[in-house]
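A short worksheet on the structure shown next.
The values are calculated or read from the model by the stated rules, or taken from the named source; none is laboratory data. Values in this document were obtained by computation on a predicted structure and should not be read as measured data. FYI the Cβ positions are ideal-geometry reconstructions off the backbone, even for glycines, and counts take in every protein chain you see. SASA here: full protein model, heavy atoms, side chains in, ligands and nucleic acids out. Shrake-Rupley method; radii C 1.70, N 1.55, O 1.52, S 1.80 Å.
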Amino acid sequence: MKIKQININKFIPLFSVISVLIIWELFTIIAKTDTFILPRFSEVVVELFNNRAIVFKHTLYTVGEAIIGLIIAVFLSFSVATLLDRFKKVKAFIYPILAISQTIPLMAIAPLLIIWFGLGVDAKVLIVVLVCFFPITINILGGFDEIDKDELDLFKTMKSSTKDLYLKLKIPYSLPYFFSGLKIATTYAVLGALIGEYMGGSYGLGIYISRA
């Protein structure tokens with residue numbers, strides 16, 4: 001009977017995380033750091049367990065905002081990217097505005113959105129959409145631009161409709177680029193939700209952290 005060998009490489013990320021946690025615990029013990037400066041990892045785990053009900057409640061609220069905003073950003077990004085790719089003059093007009101908008105600090109925009117849309121979930125979701133929209137859209141457009149010209153010419157020669165061109169060539173080809181942008185946007189989604197909650201609200205990890 002052949003024994004299946006275990007691939008150690010699969011466990012390297014897990015080992016790295018465990019190593020950091022062990023170093024964290026040992027450092028705080030040896031250095032005798034004050035709890036308010038750097039608590040021990042074990043103390044953090046104990047506090048999370050003792051406050052698990054309220055932490056879970058706030059976590060669900062933040063994760064919900066992030067997921068809703070991310071889903072809206074995905075649909076919006078595909079729509080805008082397709083529009084910009086379809087109409088090059090519109091892309092030349094809109095693209096610089098998209099690029100410039102990313103230079104504006106989110107902390108400067110978030111308070112305005114809170115004022116305009118209130119302290120409810122709407123403003124937080126909108127912040128998530130704004131931070132996720134750009135990386136996804138840019139990556140999709142990059143995928144569209146990388147399509148081989150011969151493949152495009154083939155679809156034109158076969159008199160393919162615009163719908164078939166996108167559904168059968170451009171969108172499938174751009175999916176790897178889309179997932180690259182989605183990976184970045186997923187991190188931004190949680191960050192955007194937290195920043196929105198820091199500005200004001202009743203629930204969410206941002207509110208919980210600021211109160212703590």
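The residues of the range 151-202 include none that are in contact with a Lys or Arg (Cβ under 7 Å, 6 or more places away or on another chain) and open to solvent by 90 Å² or more (accessible area, probe 1.4 Å). Considering only residues in the range 118-132 that are assigned to a helix (DSSP H, G or I) and of a type outside the set (Val, Ile, Thr), the one that is nearest to Ser101 (Cα to Cα) turns out to be Leu130.
Pairs meeting the criteria (first residue in the range 83-109 and closer than 18 Å to Ile136 by Cα, second residue exposed (fewer than 12 other Cβ atoms within 10 Å of the Cβ) and of a type in the set (Lys, Arg), beta carbons under 8 Å, at least 6 apart or on different chains) are lacking.
Among the residues of the range 50-76, those identified as closer than 30 Å to Ile209 by Cα, open to solvent by 40 Å² or more (accessible area, probe 1.4 Å) and not aliphatic (A, V, I, L, M) are Asn50, Asn51, Arg52, Phe56, Lys57, Thr59, Tyr61.
Residues in the range 77-133 that are over 21 Å from Tyr188 (Cα atoms), open to solvent by less than 50 Å² (accessible area, probe 1.4 Å) and modelled with pLDDT under 80: 1 in all. For the range 156-212, how many residues are assigned to a helix (DSSP H, G or I) and either under 25 Å from Pro111 (Cβ atoms) or under 21 Å from the mean Cα position of the chain (by Cα) (or both)? Residues in the range 156-212 being assigned to a helix (DSSP H, G or I) and either under 25 Å from Pro111 (Cβ atoms) or under 21 Å from the mean Cα position of the chain (by Cα) (or both): 34 in total. Among the residues of the range 77-111, those that are in a helix (DSSP H, G or I) and either in contact with a Ser or Thr (Cβ under 8 Å, 6 or more places away or on another chain) or closer than 18 Å to Lys163 by Cβ (or both) comprise Ser77, Phe78, Ser79, Val80, Ala81, Thr82, Leu83, Leu84, Asp85, Arg86, Leu98.
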